[in-house]
Amino acid sequence: MAVPFRRTSKTKKRMRRTHLKKDARTTVVCSNCGEVIQPHRACTKCGFYKGKNVLNREEETKSKTVKEVKTEAVKEEKKTTTKKTSAKKETKSKETK
Ligand SMILES: [Zn+2]
């Protein structure tokens, strides 16, 4: 059996062991919510992977939010229209005065 000619010095041992270290975990940013996540894995916060909700988390809330946004937009439009009409009425009333 082959035997080392010399004992490995402290320096050589330590130089070899400099590579035996843990690297920081690679992270990416979720394209949906912006959370820092592991690559090639579904987002633990929103459940999205490759633009799809694969874990079906907050599905109801998401759909609700979309509907709410639409309804809010409609309400805002109605408000603006009512404001416009009220403004017109005000102008008319001013004109009459
Ligand atoms: Zn996410």
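The values are calculated or read from the model by the stated rules, or taken from the named source; none is laboratory data. All of these numbers come straight from a predicted model, not from anything done at the bench. Virtual Cβ from ideal backbone geometry, glycine too; neighbours counted across all protein chains shown.
Some notes on this structure:
- Residue within segment 16-29 that is more than 14 Å from the ligand (Cβ to nearest atom) and part of a helix (DSSP H, G or I) present: yes
- Number of residues in segment 37-46 that are in contact with a strand residue (DSSP E or B) (Cβ under 6 Å, 6 or more places away or on another chain) and more than 7 Å from the ligand (Cβ to nearest atom) equals 2.
- LYS13, sole failed condition from (1) part of a loop (DSSP other than H, G, I, E, B); (2) at pLDDT 90 or above: (1)
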